[in-house]
Amino acid sequence: MALMRVKFTKMHGLGNDFIVLDARDKTLPVLSKETIRALSDRTMGIGCDQFLILESHAEATVRMRIFNADGGEVEACGNAARAIGLLLGEPATIATAGGLISTTPQDAGIAVDMGEPRFDWDAIPLAYPMDTAAMPVGWDMLEKPLAVNVGNPHVIFFVDDCDAVPLDSLGPQIETDPLFPHRINVNVASVVDRQTLRLRVWERGVGLTRACGTGACATAIAAMRRGLVERDVTVHLPGGPLRITWGENNRITMTGPATEAFRGSFELDDYP
Ligand SMILES: N[C@H](CCC[C@H](N)C(=O)O)C(=O)O
């Protein structure tokens, strides 16, 4: 076995943090699910919510592969899109498993075109047909949610005070419920006024995070579907605010900050 030094960039979007490997012009060792989980672990590894690998792509500026801390590969990550938008430094398109998104650096941060939301039960997906605008299901005080797919799957509950919800215990129950064949990201939100939401997220494959970009998009769209807010809102997460708009073209735009924290490297056995 030969050791291979791998460079990485540590980034975050409102505290939702990432280890970023750039494999566009180099061959990286094959990273197993266990290796990604170990590197993501905050006790035995470097620690992050998501592990991102950038690759070359024929039609997009870059391909972004997204791995949750549990090692599972997923379709979308809004905060990561802003981080890569910052790293690329100019308008870019990013190919993800959830579709093609585009980023534009602006004075207000990085604007990301997240594409169009999907609402059909089998696009979330759910295990059986259901009205995703008012689902006849509940867990303790959380009931009658909406479900939206914004590249990845989200269930959204509106409550009077999202800080009063025991999301650390209800989150994993809902995330792994058989109603969600691909599991689900769990959002609990409160409406402040017609332009403002508060949101906390239990993320699929991670747990409680400081912020969730796709969660903010899904929650804003859900609130707009219910007529609770305008089509241009600020979503306040524990790590800070994101601006979400749902355009007449049916596309979602998310705008907010991204931060490069530090650069480092680690050594890995490059598998044969
Ligand atoms: N946990 C999410 C992926 C990351 C989403 C979040 N970090 C974001 O900023 O969108 C999922 O399994 O779909």
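The values are calculated or read from the model by the stated rules, or taken from the named source; none is laboratory data. As the structure is a computational prediction, the values presented were derived from the model and not from experiment. Methodologically, a virtual Cβ is constructed for each residue, glycine included, from the backbone with ideal geometry; neighbour enumeration extends over all protein chains shown. Ligands, DNA and RNA are excluded from the accessible area calculation, which covers all protein heavy atoms including side chains. Shrake-Rupley method; radii C 1.70, N 1.55, O 1.52, S 1.80 Å.
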Roughly how many debye, to the nearest 20, is the charge dipole of the chain about its Cα centre, given +1 on each Lys and Arg Cβ, -1 on each Asp and Glu Cβ, and no other charges?
340
For the range 51-110 and the range 10-38, what is the separation of their C-alpha centers, rounded to whole Å?
12
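Apply the a/c threshold of 1.5 to the C-alpha gyration tensor of the chain and tell me whether it is rounded, prolate or oblate. Write down the numbers at each step before the final one.
Numbers: a/c = 1.83, a/b = 1.48, b/c = 1.24.
Prolate is the answer for the chain, as a/c is 1.5 or above and a/b outweighs b/c.
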Which Cα, out of GLY239, LEU228, PRO181, lies furthest along the positive dipole direction of the range 117-250 (beta carbon charges, K/R +1, D/E -1)?
GLY239
In the chain, lysine pairs closer than 22 Å at Cα, eight or more apart or cross-chain
4
Sorted peptide list for 133-141, 76-84, criterion being average Cβ within 10 angstrom, highest first:
76-84, 133-141
Contact order normalised by length for the chain, with contacts defined as Cα pairs under 8 Å and 6 or more residues apart; what percent is it?
23
Can you tell me the order of 107-113, 160-166 when each peptide is scored by its average per-residue count of other Cβ atoms within 10 angstrom, highest first?
107-113, 160-166
Over the range 117-250, calculate the relative contact order: mean separation of alpha carbon pairs under 8 Å at least 6 apart, over the residue count, as a percent.
20
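What does the charge dipole of the range 139-272 about its Cα centre add up to, to the nearest 20 debye, if the Cβ of each Lys and Arg holds +1 and the Cβ of each Asp and Glu holds -1?
Numbers: 13 positive and 17 negative charges, 108 e Å.
Taking the Cα centre of the range 139-272 as origin, the dipole is about 520 debye.
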Would you be so kind as to identify which of LEU100, PRO125, LEU142 lies farthest towards the positive end of the dipole of the range 92-169, taking Lys and Arg as +1 and Asp and Glu as -1 on Cβ and the Cα centre as origin?
LEU100
For the pair HIS57/ALA133, report the inter-label distance in nm, with labels modelled 7 Å from Cα in the Cβ direction.
3.2
Cα lying deepest toward the dipole's positive end in the chain, options LEU31, GLY205, THR259, charges on Cβ
THR259
For GLU267, the accessible surface traced by a 1.4 Å probe with all protein chains present amounts, in square angstrom to the nearest 10, to 100
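Could you sort 252-259, 227-234 so that the peptide with the highest average Cβ count within 10 Å comes first and the rest follow in order?
Answer by packing, highest mean first, reads 252-259, 227-234.
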Contour excess over end-to-end distance, with Cα ends at ASP122 and MET4 and 0.36 nm allotted per residue
38.2 nm
Given bins 10 angstrom wide, list per bin the percent of all Cα-Cα distances in the range 112-193, short to long.
18, 52, 27, 2
Charge context of VAL206, other residues only, Cβ under 14 angstrom, K/R +1, D/E -1
-2
With the contact rule set at Cα under 8 Å and sequence spacing of 6 or more, what percent relative contact order holds for the range 1-88?
26
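Efficiency by 1/(1 + (r/R0)^6): what FRET value for ALA261 and ASP41, r their Cβ-Cβ distance, R0 = 22 Å, to the nearest 0.05?
Working: r = 18 Å, r/R0 = 0.80.
Computed FRET efficiency for ALA261 and ASP41: 0.80.
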Spelling out what I want: for every residue of the range 244-253, take phi, set θ = phi - 60°, compute 6.51 cos²θ - 1.76 cosθ + 1.60 (Karplus), and round to whole Hz; glycine and proline get x.
10, 10, 10, x, 4, 7, 6, 9, 9, 10
